[in-house]
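Presented below is the structure to which this report refers.
The values are calculated or read from the model by the stated rules, or taken from the named source; none is laboratory data. No experiment lies behind these values; they were computed from the predicted model shown. Every residue, glycine as well, gets a Cβ built from its backbone with ideal geometry; the counts of neighbours run over all protein chains shown. The accessibility values were calculated without ligands, DNA or RNA, using every heavy atom of the protein model including side chains. Shrake-Rupley method; radii C 1.70, N 1.55, O 1.52, S 1.80 Å.
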Amino acid sequence: MTLLPSNDTRSPAEYERLRRWRLILGREPEEEKKNQGRDSLESGFAVNLGDEDEGMDRTLEALYESDRESGLGSSSPHVNRWLGDIRKYFPTSVVRIMQRDALQRLGMREMLLEPETLEAIEPDVELVATLISLKNVIPAKTKETARLVVRKVVEQLMKKLRQPMVHAVRGAISRSSRTYRPRAAEIEWPLTIRKNLKHYLPEQKTIVLEKLVGHGRRRSSLRDVILCVDQSGSMGPSVVYSSVFAAVLASIPALRTQMVVFDTEVANLTDHIQDPVDLLFGTQLGGGTDIHRALRYCQQITMRPQQTIFVLVTDLYEGGDQAGMMQAVQEIVAAGVTLICLLALNDSGSPGFHETNAAELTALGVPCFACTPEIFPDLISAAIQRQDISLWRSRATT
């Protein structure tokens, strides 16, 4: 129930409606009120705010009317106080939006360079991407705090994404290695019995085993996975999610996973793949893009083309050899590699990308689409089972 200030005679419903508009539109400039020659409350629209609403209004005003007011100021205490205020007045989802707006509208990337500020901020994937892009300018006193913030977000993502990924991949591996002509030691008896229950003979109290089900002898790895990720500035969240998934995939013995990142240079970060935090701090967000060079490098590290799943994560804005990029794609596909191009791996699923290049890759048989983290495990599962990825995508998006 809305409590009206003692000097306001309007109904609760009318007051609540005007209160909401007042918080949305902000307070009336002092000069305007003087020119109109009337008190704030005498205006048919204006309302007096309670103490909590006044505090909420000040936090909104500091960010969204910073051109008229002093804003957040440049000092760390002002910023930290504001960060504390927005956490007090707004839910976490809104806090994250306001933090991003502060970074974008006020150019406040420097607010991340103080450990006190990082401790007060609400961490998320966008913040991790920003910290990684700033890693070379973060002062020594802040680096450990920055690493703790990144680890906190990574652990949240691992907790959310690990089990679905492991479950999907192990199920796909099991189905891919299944055989109906197993040796005696390879027979999977519970599944074999279920498959043959319809052949039960009551008089003999036995089952006629018409079909045997088992698993063939597994090699050291059933599939090779290469995650090749564009680390140009616009791909920040995709780099974060790719690093988490790379660590999960690397923990599954039946897969041999490699992680490659690129801008105008190429770096193989597979040695750091067990720890996604180390993996992220090994990236260098920002810079140009040379997809052709990255594709050629990945060709060199592809040992078993027919068993390789190659996931290229990029917006396809090529700054290198355009013709060479398409030629490399043709060669990779012709060799039998399962090549998939993800235009983004993030929560929004609505990336900006080079439409012409995406159309050309699609014509070469390479599926190109954005992917959210929630459906990425199913995508890898489908690739392991050699499903038609274009058909899988149609079902998944439907």
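What lysines sit close enough to LYS195 to cross-link, taking a C-alpha to C-alpha distance under 21 Å and skipping anything fewer than 8 places away on the same chain?
Here the lysines satisfying the reach criterion relative to LYS195 are LYS205, LYS211.
What order do you get for 162-173, 224-235 when each peptide is scored by the mean count of other beta carbon atoms within 10 Å, highest first?
On the way: 162-173: 17.7, 224-235: 23.0.
Ranking, from highest mean packing down: 224-235, 162-173.
Rounded to the nearest percent, how much of the accessible area of segment 289-398 (1.4 Å probe, protein heavy atoms only) is carbon and sulfur? Can you show the working numbers first?
Working: 2290 of 4640 Å².
Percent of accessible area from carbon and sulfur atoms in segment 289-398: 49.
Note down the nm distance, to one decimal, between modelled labels 7 Å out along Cα→Cβ at ARG58 and at ARG395.
Placing both labels 7 Å along Cα→Cβ, they lie 5.7 nm apart.
When only C-alpha pairs under 8 Å and at least 6 residues apart count, what is the relative contact order of segment 346-398, in percent? Could you put the intermediate results ahead of the total?
On the way: 24 pairs, mean separation 16.9, N = 53.
Relative contact order for segment 346-398 comes out at 32 percent.
What percent of all Cα-Cα pairs in segment 288-398 falls into each 5 Å bin, going from 0 up to the bin containing the maximum distance?
With a bin width of 5 Å, the distribution comes to 2, 12, 23, 25, 21, 13, 4, 0.
Please work out how much length the chain gains when fully extended from ALA363 to THR92, using 0.36 nm per residue of separation minus the C-alpha to C-alpha distance, in nm with one decimal.
Numbers: separation 271, 0.36 × 271 = 97.56 nm, distance 4.30 nm.
Full-extension gain reported as 93.3 nm.
For LYS152, go through the lysines and keep the ones whose alpha-carbon is under 27 Å away, minus same-chain ones fewer than eight residues off.
LYS88, LYS135, LYS141, LYS143, LYS160
Please work out the Cα center distance from segment 258-284 to segment 320-398, rounded to the nearest Å.
Comparing the Cα centres of segment 258-284 and segment 320-398, I get a distance of 21 Å.
Could you order GLU318, GLU265, GLU126 by accessible surface area, starting with the largest, using a probe radius of 1.4 Å?
So, going from the largest accessible area down, we get GLU265, GLU126, GLU318.
Please list LEU60, LEU197 in order of solvent-accessible area, largest first, computed with a 1.4 Å probe with all protein chains present.
On the way: LEU60 35, LEU197 100 Å².
These residues rank, largest area first, as LEU197, LEU60.
Calculate, in nm to one decimal, what LEU209 and LEU25 gain on full extension: separation in residues at 0.36 nm each, minus their alpha carbon distance. Working shown, then result.
Working: separation 184, 0.36 × 184 = 66.24 nm, distance 7.53 nm.
Extending this stretch completely gives an extra 58.7 nm.
Give the relative contact order (percent, whole number) for segment 239-360; include only Cα pairs under 8 Å separated by 6+ residues. Let's see the in-between values first.
On the way: 161 pairs, mean separation 27.1, N = 122.
Averaging sequence separation for qualifying contacts and normalising by length gives 22 percent for segment 239-360.
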